[in-house]
1. What residue, among those in region 153-176 that are free of Cβ contacts under 8 Å to residues at least 24 places away in the same chain and of a type in the set (A, V, I, L, M), is farthest from N127 (Cα to Cα)?
2. Tell me which of these S101 doesn't satisfy, since it passes every other one: (1) under 17 Å from E48 (Cα atoms); (2) at pLDDT below 95; (3) hydroxyl-bearing (S, T, Y); (4) surrounded by fewer than 16 Cβ atoms within 10 Å (Cβ to Cβ).
3. Out of region 160-184, which residues are within 23 Å of G225 (Cα to Cα), surrounded by 16 or more Cβ atoms within 10 Å (Cβ to Cβ) and touching a strand residue (DSSP E or B) at 6+ places or on another chain (Cβ under 6 Å)?
4. Looking at L179, is it free of Cβ contacts under 8 Å to residues at least 24 places away in the same chain and over 15 Å from P60 (Cα atoms)?
5. Quick check: anything in region 71-80 open to solvent by 40 Å² or more (accessible area, probe 1.4 Å), under 25 Å from T188 (Cβ atoms) and modelled with pLDDT of 95 or more?
6. Exactly one of these conditions fails for S115: (1) closer than 27 Å to G163 by Cβ; (2) of a type in the set (S, T, N, Q); (3) modelled with pLDDT of 95 or more; (4) open to solvent by 40 Å² or more (accessible area, probe 1.4 Å). Give me its number.
7. Which numbered condition trips up R157, out of (1) more than 21 Å from the chain's Cα centre (by Cα); (2) surrounded by 15 or more Cβ atoms within 10 Å (Cβ to Cβ)?
8. Could you say whether any residue in region 202-221 is in contact with a strand residue (DSSP E or B) (Cβ under 9 Å, 6 or more places away or on another chain) and under 29 Å from F110 (Cα atoms)?
Amino acid sequence: MEKKINKLLAVTLIGALFFGGIAFLLRNSKHDTVSQGENYFDICDYIEIDLQSLDVTVIPSSDDEIRVSYKNALPLAFELGDNSLSITESKDFVVSLFAGSESEFGLYLFLPNRSYRELSITTGTGNVKIGRVDSERMNVLTETGDIVCEDMVSLSRLTTTDGYISVNFEAVMSGTEILSRRGDAEITLPDNGSTAVDFRTEEGECVTDLWAGQFYGSHVYSMNGGDKLIYATVERGSLTIK
């Protein structure tokens with residue numbers, strides 16, 4: 001009986017390898033690269049990105065056009081509107097089985113150095129990293145992806161469910177919101193800035209050297225007069241202020 005079972009398993013394995021090899025040889029090779037590309041667009045004031053799991057990196061650029069470079073398991077759809085650009089994952093797609101390692105996937109948005117009206121990024125499990133972008137409004141939303149903002153100068157709303165948020169402020173815009181349900185957050189304030197942080201939490205904590213302590217519960221922390229107020233809600237995580 002044991003010999004029959006071993007023989008059956010061997011036949012099954014050989015069959016799987018055989019048909020897997022046939023599938024690879026007969027694949028449509030254009031699907032290997034259908035989900036990568038580089039696109040150029042005229043400068044616009046409103047930019048929206050809505051993806052499922054792709055990492056997004058926003059990079060300041062000295063170019064005179066917006067450039068989007070990407071590689072993804074799904075092709076992307078680009079829609080130009082009235083002074084706007086929308087980037088989503090195409091609904092008419094074929095999933096590539098041979099597109100390469102997911103570690104190579106990502107969307108890179110190169111934005112010319114200027115002021116924008118609104119930048120909005122949504123990606124469920126992807127990470128978002130943003131360089132110095134000057135936008136009147138910036139909205140970033142993830143489920144489990146991390147959000148990292150460097151040299152922040154925009155009025156922003158950064159929201160995640162389980163991800164990590166890190167913001168290094170070059171200039172604090174009053175009204176900025178940082179919201180995390182279960183992840184940790186870290187904010188670095190500019191030296192000698194007049195800033196107040198309205199920390200709100202259910203079970204979290206605030207850790208900072210600026211006021212020499214570790215605090216539990218909601219509280220407003222003020223530095224140098226606190227002229228510019230930002231909101232940080234960390235329901236169950238830890239907020240670190242530097």
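1. Filtering region 153-176 down to residues free of Cβ contacts under 8 Å to residues at least 24 places away in the same chain leaves 153, 155-162, 164-168, 171.
Cutting the leftovers down to of a type in the set (A, V, I, L, M) gives us 153, 155, 158, 165, 167, 171.
Numbers: V153: 20, L155: 20, L158: 12, I165: 10, V167: 14, A171: 23 Å.
Taking the candidates together, the pick is A171.
2. Here S101 meets the rest and fails (1).
3. Applying the first criterion (within 23 Å of G225 (Cα to Cα)) to region 160-184 yields 167-178.
Of the ones still in play, those that are also surrounded by 16 or more Cβ atoms within 10 Å (Cβ to Cβ) are 167-169, 172-173, 176, 178.
Listed by number, the residues that qualify are V167, N168, F169, V172, T176, I178.
4. Values: free of Cβ contacts under 8 Å to residues at least 24 places away in the same chain: no; over 15 Å from P60 (Cα atoms): yes.
Against the criterion (free of Cβ contacts under 8 Å to residues at least 24 places away in the same chain and over 15 Å from P60 (Cα atoms)), L179 does not qualify.
5. The initial filter retains those residues of region 71-80 that are open to solvent by 40 Å² or more (accessible area, probe 1.4 Å), namely 78-80.
From the residues that got through so far, the ones that are under 25 Å from T188 (Cβ atoms) too are none.
No, there is no match, as no residue in region 71-80 is open to solvent by 40 Å² or more (accessible area, probe 1.4 Å), under 25 Å from T188 (Cβ atoms) and modelled with pLDDT of 95 or more.
6. That leaves (1) as the condition not met.
7. Going through (1) more than 21 Å from the chain's Cα centre (by Cα); (2) surrounded by 15 or more Cβ atoms within 10 Å (Cβ to Cβ) one by one, R157 breaks only (1).
8. Within region 202-221, none of the residues are in contact with a strand residue (DSSP E or B) (Cβ under 9 Å, 6 or more places away or on another chain) and under 29 Å from F110 (Cα atoms).
The values are calculated or read from the model by the stated rules, or taken from the named source; none is laboratory data. Just so it is clear, the model here is predicted, and its values are computed rather than measured. Ideal geometry is used to build each Cβ from the backbone, glycine not excepted, and the neighbour counts take in all protein chains shown. Areas reflect the complete protein model, heavy atoms only, side chains present, ligands, DNA and RNA absent. Shrake-Rupley method; radii C 1.70, N 1.55, O 1.52, S 1.80 Å.
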